[in-house]
Amino acid sequence: MCDWYTLHTAVNAIMQRTFGEPVAYQSAQAGVPVGDPITITAIRHARVREESGVMANVEEISVNPADLPNLPQRGDWVTAWGSQFVVTTVRQPDPYGLVQLSLMARAG
């Protein structure tokens with residue numbers, strides 16, 4: 001019988017090593033940071049850039065919830081690619097256990 005947990009963990013590690021980028025993740029409540037930001041590895045989703053300019057206002061990433069002290073929440077902050085984003089949507093883990101986050105550029 002296959003050990004699915006071990007297999008998923010191995011696939012996550014390979015995907016993060018191959019496609020991952022460091023981002024700073026910080027919990028926030030009511031727009032106020034809670035605790036210190038931590039650096040984790042996120043997989044940035046590929047998409048067609050239909051917006052003008054170098055940086056998009058919306059990004060999507062996948063993260064391993066095991067890399068965070070708490071599960072990702074709407075309103076948390078992600079700093080990456082020279083910008084700060086707010087988590088707008090947290091989707092259920094994919095078949096490999098990675099959580100997909102939708103991000104919107106943070107005003108300010």
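A few points about this structure:
- Looking only at residues of the stretch 1-40 that are open to solvent by 60 Å² or more (accessible area, probe 1.4 Å), in a helix (DSSP H, G or I) and not hydroxyl-bearing (Ser, Thr, Tyr), we find that the one that is nearest to Gly82 (Cα to Cα) is Phe19.
- Here the stretch 54-73 is the region considered, the condition is being of a type in the set (Val, Ile, Thr) and open to solvent by 30 Å² or more (accessible area, probe 1.4 Å), and the residue that is nearest to Arg106 (Cα to Cα) is Val58.
- Among the residues making up the stretch 74-88, a single one is at pLDDT 95 or above and either among the small types (Gly, Ala, Ser) or loosely packed, with under 12 Cβ neighbours inside 10 Å (or both): Gly75.
- Looking only at the stretch 89-108, residues that are surrounded by 14 or more Cβ atoms within 10 Å (Cβ to Cβ) and polar (S, T, N, Q) come to 2 in all.
The values are calculated or read from the model by the stated rules, or taken from the named source; none is laboratory data. This structure is a prediction, so every number in the text was calculated from the model and none was measured. Ideal geometry is used to build each Cβ from the backbone, glycine not excepted, and the neighbour counts take in all protein chains shown. The protein model used for the area step is the full one, side chains on, heavy atoms only, and it has no ligands, DNA or RNA in it. Shrake-Rupley method; radii C 1.70, N 1.55, O 1.52, S 1.80 Å.
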